[in-house]
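S.K.: I am attaching a structure below and will ask some questions about it afterwards.
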Amino acid sequence: MADSDRINAQKIGLPAMDLSIAFPQATPASVFPPSASDYYQFDDLLSAEERSLRKKVQEVMEREVAPIMAEYWEKAEFPFHIVPKLADLAVAGGTIKGFGCPGLSITGSAIATAEIARVDASCSTFILVHSSLAMLTIALCGSEAQKEKYLPSLAKLKTIACWALTEPDYGSDASSLKTTATKVAGGWVLNGQKRWIGNSTFADILVIFARNTSTNQINGFIVKKGSPGLKASKIENKIGLRMVQNGDILMKDVFVPDEDKLVGINSFQDTNKVLAVSRVMVAWQPIGIAMGVFDMCHRYLQERKQFGAPLAAFQLNQEKLVRMLGNIQAMLLVGWRLCKLYESGKMTPGHASLGKAWTSSKAREVVSLGRELMGGNGILADFLVAKAFCDLEPIFSYEGTYDINSLVTAREITGIASFKPAILAKSTRSRL
């Protein structure tokens with residue numbers, strides 16, 4: 001077959017039939033369903049400001065993002081034209097006070113994260129990487145000059161940031177990272193490689209973690225887009241969070257001036273104050289995804305008819321829908337309590353890890369049930385559930401896998417660390 005014939009063969013049957021004609025019995029996610037998952041009236045636990053923010057985020061996401069998300073998810077491209085709409089939400093910067101940032105309560109920031117994820121998980125990850133990781137690192141670990149220089153434009157999404165910790169050889173074992181920072185006259189030279197870095201292919205500012213070759217400790221640096229020796233390449237063929245532009249970063253003799261070294265990061269432990277907040281935010285992403293899936297199924301079961309009755313009339317479907325609803329009520333209350341523990345200064349790493357591990361696990365159950373309820377339409381991104389099913393998988397793994405987060409909590413409640421295999425720990429002790 002000639003090349004031209006192959007190309008033509010691939011186009012047979014295109015364009016696809018309009019969905020309203022192909023399947024007129026149910027409404028796709030481009031017209032997003034109303035929120036129906038707040039069965040225990042969670043709104044009563046929120047302040048007036050938090051409720052107002054929740055409503056605002058819902059409206060913007062449903063109006064601006066829902067109509068275009070399936071198209072961009074399928075193309076694995078980021079919809080840059082919606083960035084000004086996301087900026088109007090005034091959630092970038094989250095809990096950071098001053099420097100043009102919104103200074104939200106952690107509960108307000110968490111609710112915003114969930115409501116963004118309810119419609120589209122990729123958009124919530126874009127904001128989370130930019131805000132709860134990169135911006136928060138500058139706010140907590142940067143100098144006053146660095147905060148004044150970078151945070152105002154980041155808060156308005158006029159500039160975009162990424163956060164680069166993970167490397168090809170070091171994921172869960174991130175504290176062993178290999179990227180190096182060597183002191184030279186007037187600054188530092190970075191060499192190494194990063195992987196899975198969200199926003200990295202287009203970020204204006206890259207927060208990079210590297211090992212100081214003099215102290216052997218982890219330091220942080222602000223690297224600007226276009227720096228000589230810096231290259232970011234898109235990771236392709238992902239099945240989840242397809243709109244998020246994850247990248248491989250290669251650094252070869254990248255010079256960073258002294259004024260862009262983050263003064264508050266002198267060891268890996270200094271990243272914990274950032275990860276404590278970001279892990280709370282990530283715990284709310286599965287909550288939002290589960291809410292969106294429930295809302296879609298709730299509407300779909302009433303619209304779709306078989307055997308002369310709506311699917312909502314069948315007992316098996318009702319039981320699954322109620323099981324999904326129960327999970328969401330529990331997830332909301334765990335997420336809310338996690339925020340309150342943080343606000344009171346009582347939250348521990350184990351609390352945050354359990355929250356993230358548990359909500360992502362329960363959300364998996366919710367989207368699996370949703371997939372069953374949707375039947376054949378459960379494999380179409382047009383009806384959200386298939387997309388949410390895939391988007392949840394990377395969230396289940398990033399910011400600590402389910403297993404690593406479980407071990408963090410287990411260490412706290414037993415006093416025994418079990419991250420390294422017993423045989424490796426034994427051989428290490430024998431050499432001491």
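S.K.: Working only within the range 211-234, note down all residues that are within 21 Å of SER132 (Cβ to Cβ) and either in the same structural domain as ALA381 (by the TED database) or hydrophobic (A, V, I, L, M, F, W, C) (or both).
M.R.: Selection gives ILE218, PHE221, ILE222, VAL223, ALA232.
S.K.: A further question on this structure: Filter the range 150-168 for residues that are crowded, with 18+ Cβ neighbours inside 10 Å and either in contact with a Cys (Cβ under 6 Å, 6 or more places away or on another chain) or in a helix (DSSP H, G or I) (or both) and give the result.
M.R.: Residues satisfying the conditions are TYR150, LEU151, LEU154, ALA155.
S.K.: Filter the range 62-95 down to the residues that are small (Gly, Ala, Ser) and open to solvent by 20 Å² or more (accessible area, probe 1.4 Å) and list them by number.
M.R.: Keep residues of the range 62-95 that are small (Gly, Ala, Ser), which gives 66, 70, 76, 87, 90, 92-94.
The answer is ALA70, ALA87, ALA90.
S.K.: Provide a single number: the residues in the range 211-225 that are over 23 Å from the mean Cα position of the chain (by Cα), under 22 Å from LYS273 (Cβ atoms) and not basic (Lys, Arg).
M.R.: Residues flagged as over 23 Å from the mean Cα position of the chain (by Cα), under 22 Å from LYS273 (Cβ atoms) and not basic (Lys, Arg) within the range 211-225 amount to 6.
S.K.: Look at the range 387-400 and say how many of its residues are out of contact with any Leu (no Cβ under 6 Å at 6 or more places or on another chain), modelled with pLDDT of 95 or more and open to solvent by less than 40 Å² (accessible area, probe 1.4 Å).
M.R.: 6
S.K.: What's the number of the only condition in (1) without any contact (Cβ under 8 Å) to a residue 60 or more places away in the chain; (2) of a type outside the set (Phe, Trp, Tyr); (3) in contact with a strand residue (DSSP E or B) (Cβ under 8 Å, 6 or more places away or on another chain) that GLY198 fails to meet?
M.R.: Status for GLY198: all satisfied but (1).
S.K.: Another question, if that's okay. Can you list the helices (runs of 4 or more DSSP H) found entirely within the range 1-118 that contain at least 3 residues being at pLDDT 95 or above and on the phi < 0 side of the Ramachandran plot? Working first, answer last.
M.R.: Working: elements: 3-10, 19-22, 48-60, 69-75, 83-88.
Filter on the range 1-118 gives 48-60, 69-75, 83-88.
S.K.: Could I ask something else about it? Can you report the number of residues in the range 169-200 which are farther than 18 Å from ILE395 by Cα, within 22 Å of the chain's Cα centre (by Cα) and open to solvent by 50 Å² or more (accessible area, probe 1.4 Å)?
M.R.: The qualifying residues number 3.
S.K.: Whether any residue in the range 285-293 is assigned by the TED database to the domain that holds ILE404 and surrounded by fewer than 24 Cβ atoms within 10 Å (Cβ to Cβ) is what I want to check.
M.R.: Residues of the range 285-293 that are assigned by the TED database to the domain that holds ILE404, as a first pass: 285-293.
Okay, now just the ones that are also surrounded by fewer than 24 Cβ atoms within 10 Å (Cβ to Cβ), so none.
Checked against the condition, which is being assigned by the TED database to the domain that holds ILE404 and surrounded by fewer than 24 Cβ atoms within 10 Å (Cβ to Cβ), the range 285-293 yields no hits at all.
S.K.: Does ASP403 qualify as being open to solvent by 10 Å² or more (accessible area, probe 1.4 Å) and not aromatic (Phe, Trp, Tyr)? First the steps, then the outcome.
M.R.: On the way: open to solvent by 10 Å² or more (accessible area, probe 1.4 Å): yes; not aromatic (Phe, Trp, Tyr): yes.
Criteria met by ASP403.
S.K.: Another one. With the condition kept exactly as written, say whether any residue in the range 232-255 is loosely packed, with under 15 Cβ neighbours inside 10 Å, without any contact (Cβ under 8 Å) to a residue 40 or more places away in the chain and over 23 Å from the mean Cα position of the chain (by Cα).
M.R.: Checking the range 232-255: not a single residue is loosely packed, with under 15 Cβ neighbours inside 10 Å, without any contact (Cβ under 8 Å) to a residue 40 or more places away in the chain and over 23 Å from the mean Cα position of the chain (by Cα).
S.K.: From the list GLN318, GLN269, which one is at negative phi, without any contact (Cβ under 8 Å) to a residue 40 or more places away in the chain, part of a helix (DSSP H, G or I) and more than 27 Å from the chain's Cα centre (by Cα)?
M.R.: GLN318
S.K.: If you don't mind, there's one more thing I want to ask. Among ASN272, ASN212, ASN219, ASN237, which is closer than 23 Å to ALA92 by Cβ and polar (S, T, N, Q)?
M.R.: On the way: ASN212 fails: closer than 23 Å to ALA92 by Cβ; ASN219 fails: closer than 23 Å to ALA92 by Cβ; ASN237 fails: closer than 23 Å to ALA92 by Cβ.
Just a single option satisfies the conditions, and that option is ASN272.
S.K.: As an exercise: evaluate LYS420 against (1) buried (at least 16 other Cβ atoms within 10 Å of the Cβ); (2) at pLDDT below 90; (3) charged (D, E, K, R) and give the number of the one condition it does not meet.
M.R.: Going through (1) buried (at least 16 other Cβ atoms within 10 Å of the Cβ); (2) at pLDDT below 90; (3) charged (D, E, K, R) one by one, LYS420 breaks only (1).
S.K.: If a residue has to be open to solvent by less than 80 Å² (accessible area, probe 1.4 Å), out of contact with any Pro (no Cβ under 6 Å at 6 or more places or on another chain) and not in a strand (DSSP E or B) to count, how many in the range 297-307 make the cut? Step through it out loud before you land on a result.
M.R.: Our first condition is that a residue be open to solvent by less than 80 Å² (accessible area, probe 1.4 Å); within the range 297-307, this holds for 297-301, 303-304, 306.
After this cut, where a residue has to be out of contact with any Pro (no Cβ under 6 Å at 6 or more places or on another chain) as well, the list is 297-298, 300-301, 303-304, 306.
When the remaining residues are screened for being not in a strand (DSSP E or B), the result is 297-298, 300-301, 303-304.
Summing the residues that are open to solvent by less than 80 Å² (accessible area, probe 1.4 Å), out of contact with any Pro (no Cβ under 6 Å at 6 or more places or on another chain) and not in a strand (DSSP E or B) in the range 297-307 gives 6.
The values are calculated or read from the model by the stated rules, or taken from the named source; none is laboratory data. Since the model is a prediction, treat every value here as computed from it, not as a measurement. Note that each Cβ is placed from the backbone with ideal geometry, even for glycine, and that neighbours are counted across all protein chains shown. Keep in mind that these areas ignore ligands, DNA and RNA; they rest on the heavy atoms of the full protein, side chains included. Shrake-Rupley method; radii C 1.70, N 1.55, O 1.52, S 1.80 Å.
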